[in-house]
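The values are calculated or read from the model by the stated rules, or taken from the named source; none is laboratory data. None of these values were measured; they are calculated from a predicted model. In this analysis, Cβ positions are derived from the backbone assuming ideal geometry, glycine residues included, and neighbour counts consider all displayed protein chains. Note: areas computed on protein heavy atoms with side chains; ligands, DNA, RNA excluded. Shrake-Rupley method; radii C 1.70, N 1.55, O 1.52, S 1.80 Å.
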Amino acid sequence: MKKIFLTGAACCLMICQMACSGKSGDATSPGTTTPPVTETPQPYPGQLLALTNDATKELVLYDPMVTDWNTDAAKKWKWVPTTGLGFSASEIKIWGGGTDFKLRKKASGQDTAVAALCDNSMAALVGFPSGQRLWSKIINANVHSAELLPDGNIALAASDGNWVRVYAASQGADNGTYAEFPLSQAHAVLWDPGINGIWVIGQDVATNAHILTALAVGGTTANPVLTELTQYRVTLPSVWGHEVSPYYGNNNLLWVTTNGGEYIFNKTTKTFSTAPTTNLTFVKGIGNQPSGQIVLTRPDANKNPRPAVSCSLNNWSTSTVDFYTSGGQWQGSRIVSGACFYKVKVVYDNYQ
């Protein structure tokens, strides 16, 4: 594979009513009306945006300053596992385009950062921008989210596995030691230096309550232990939790989405408020630029009417990435013909 590196202004950075299927973990239902397609796309200053594409099976970083994402100029970095990058034939075969991507700082070496990424049946840590394998493992559990911890280990959430795990990736590229916390339909992991823990979302295995909670990582780097920080546990305002993302600009807030809505969570008051983007349903990925601009992905199958350019491969992806002001006013979209974007991430190496 030809590796594309960052240039210029590059990186400074309801289960609905059925069982989990594929990357969705959700059934579909009609949603709110999709915004009209903008006729005059505008450049948007900010960090690059990571998109997982089921159609091309690539993970691509796009520049929001480029108005036409169907051009090579918009793609500042793309990644698939290859033997040249250190991945096995089995890992290459099983890779389907990705379910998560997070970029974190690295102290030294040819790479300036480490990317934690995952797909349904595998997870990896790779150098950035080289893309070289640092750790990886095939995990057939519908892995939805990945996070690099400060000690070099990796946290994962798996919806079919019904767990959150921390693998001792710091101990070697093939290390398989892990700690596990049971969480049904686990969908998100996000490290928070402020609470010294991992935010997670899913269902209580005993009561089936839909929850947002946090986990402490104890033990040692080589043999981690996970314990719930019960003081942070809250019941979600609607069922089937999906995304947890940092709210850049306010460390006391988080973006949280469920099948039923999108919210801003206040860590101090442990309360949810409706997100300014009109409480859209089935949002798979959401975040904000440091400027406050909101960016999100929502399945084409849940839009009414369904866009003329849309993903026909599955019912949990989209060909469109939408942009909103910090106050929730729709600004415009980037539409890529043939794309099936599952999740969008703001490429920013700050945890919060």
**For segment 221-352: span of alpha carbons on each principal axis (Å, largest first)** = 46, 35, 30
**Fill in**
Expressed as a whole-number percentage, the relative contact order of segment 86-152 with C-alpha contacts under 8 angstrom and at least six residues apart is 30
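By accessible area of protein heavy atoms, probe 1.4 Å, what ranking do I294, I138, I264 get, highest first? Spell out each step's value before the answer.
Details: I294 0, I138 65, I264 25 Å².
Heavy-atom accessible area, descending, gives I138, I264, I294.
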**Which of L190, Q293, G338, positive extreme of dipole for segment 189-340 (C-beta unit charges)** = G338
**Prompt:** Magnitude of the Cβ-charge dipole of segment 147-264, K/R +1 and D/E -1, about the Cα centre, nearest 20 debye?
**Reply:** 140
**Request:** Rank these by accessible area, largest first, 1.4 Å probe: S159, S238.
**Result:** S238, S159
**Request:** Using only alpha carbon positions, build the gyration tensor of the chain, then give the equivalent ellipsoid semi-axes as the square roots of 5 times its eigenvalues, largest first, whole angstrom.
**Result:** 27, 25, 19
**Request:** Take the cross-link list K78/K102; K57/K137; K57/K105; K57/K106 and give me the ones stretching past 22 Å between alpha-carbons.
**Result:** K57/K105; K57/K106
**Prompt:** Taking only protein heavy atoms and a 1.4 Å probe, what accessible area per residue, in Å², does the chain have with all protein chains in place?
**Reply:** 36
**Request:** Based solely on C-alpha atoms, express the radius of gyration and the Dmax of segment 155-309 in angstrom.
**Result:** 16.2, 52
**Item:** Unit Cα scatterers, Debye sum, segment 67-143: log10 I(q)/I(0) for q = 0.15, 0.16, 0.24, 0.25 Å⁻¹
**Value:** -0.54, -0.61, -1.12, -1.16
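Please give the charge dipole size of segment 87-130, origin at the Cα centre, charges +1 on K and R Cβ atoms and -1 on D and E Cβ atoms. Round to the nearest 20 debye.
Details: 5 positive and 4 negative charges, 37 e Å.
Computed about the Cα centre, the dipole is about 180 debye.
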**Asked** Given the rule -39500 (n - 2.57) for each run of at least 4 DSSP H residues, summed and divided by the residues of the chain, what is its mean residue ellipticity at 222 nm, to the nearest 500 deg cm²/dmol?
**Response** -500 deg cm²/dmol
**Complete:** Under a 1.4 Å probe, counting only protein heavy atoms, D54 has an accessible area in Å², nearest 10, of 10
**Prompt:** Suppose every K and R has +1 on its Cβ and every D and E has -1 on its Cβ; what is the size of the dipole of the chain about the Cα centre, in Debye to the nearest 20?
**Reply:** 320
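Run through segment 209-292 and list the trypsin sites (Lys or Arg not before Pro) located in a DSSP loop whose Cβ has at most 15 other Cβ atoms within 10 Å. Could the numbers behind the result be given before it?
Working: sites: R233, K267, K270, K284; in loops: R233, K267, K270, K284.
Counting only loop positions with at most 15 other Cβ atoms within 10 Å, the trypsin sites (Lys or Arg not before Pro) in segment 209-292 are R233, K270.
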